[in-house]
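Following: one structure in structure tokens, then a few remarks.
The values are calculated or read from the model by the stated rules, or taken from the named source; none is laboratory data. Since this is a predicted model, take the numbers as computed values, not measurements. Cβ: placed from backbone, ideal geometry, glycine included. Neighbour counts: every protein chain shown. Heavy atoms of the whole protein, side chains included, go into the accessibility calculation; ligands, DNA and RNA do not. Shrake-Rupley method; radii C 1.70, N 1.55, O 1.52, S 1.80 Å.
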Amino acid sequence: MTFNGTLEELQALVADLGCFGHWVHQGAFEMLVIEDGVSNLRINWWPGTGTLMLVGDPAQRRELEPRLKEALAGGS
């Protein structure tokens, strides 16, 4: 997945999907630690390349990943 906008645009996009947590600057990438009380999901984004990854338990990613891909494609 890729996202070539700004951090603020990405923050708004994931908030619209109901993903809330805290953002952490990790050197070359930005990371959203999703705080839903259930999962260990994180979104990692490298602004230099636009690469975006949803990481965490595969079973927990199953619901969010297609919605995230659709939003990134402009379908949300």
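Numbers at a glance
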{"read-out": "Failed condition for Ala71, given (1) hydrophobic (A, V, I, L, M, F, W, C); (2) open to solvent by less than 70 Å² (accessible area, probe 1.4 Å); (3) over 14 Å from Gln11 (Cα atoms)", "value": "(3)"}
{"read-out": "Of all residues making up segment 20-68, the number that are over 13 Å from the mean Cα position of the chain (by Cα) and under 18 Å from Glu8 (Cβ atoms)", "value": "3"}
{"read-out": "Qualifying positions in segment 3-21 - in a helix (DSSP H, G or I), open to solvent by less than 40 Å² (accessible area, probe 1.4 Å) and either touching a residue at least 40 places away in the same chain (Cβ under 8 Å) or of a type outside the set (Gly, Ala, Ser) (or both)", "value": "Leu10, Leu13, Val14"}
{"read-out": "Residues satisfying the stated conditions in segment 26-46, i.e. open to solvent by 50 Å² or more (accessible area, probe 1.4 Å) and closer than 14 Å to Leu64 by Cβ", "value": "Glu35, Asp36, Val38, Asn40, Arg42"}
{"read-out": "Index of the failed condition, Gln60 passing every other in (1) surrounded by 12 or more Cβ atoms within 10 Å (Cβ to Cβ); (2) modelled with pLDDT of 95 or more", "value": "(2)"}
{"read-out": "Single condition Met53 does not satisfy, out of (1) closer than 17 Å to Leu17 by Cβ; (2) not in a strand (DSSP E or B); (3) not charged (D, E, K, R)", "value": "(2)"}
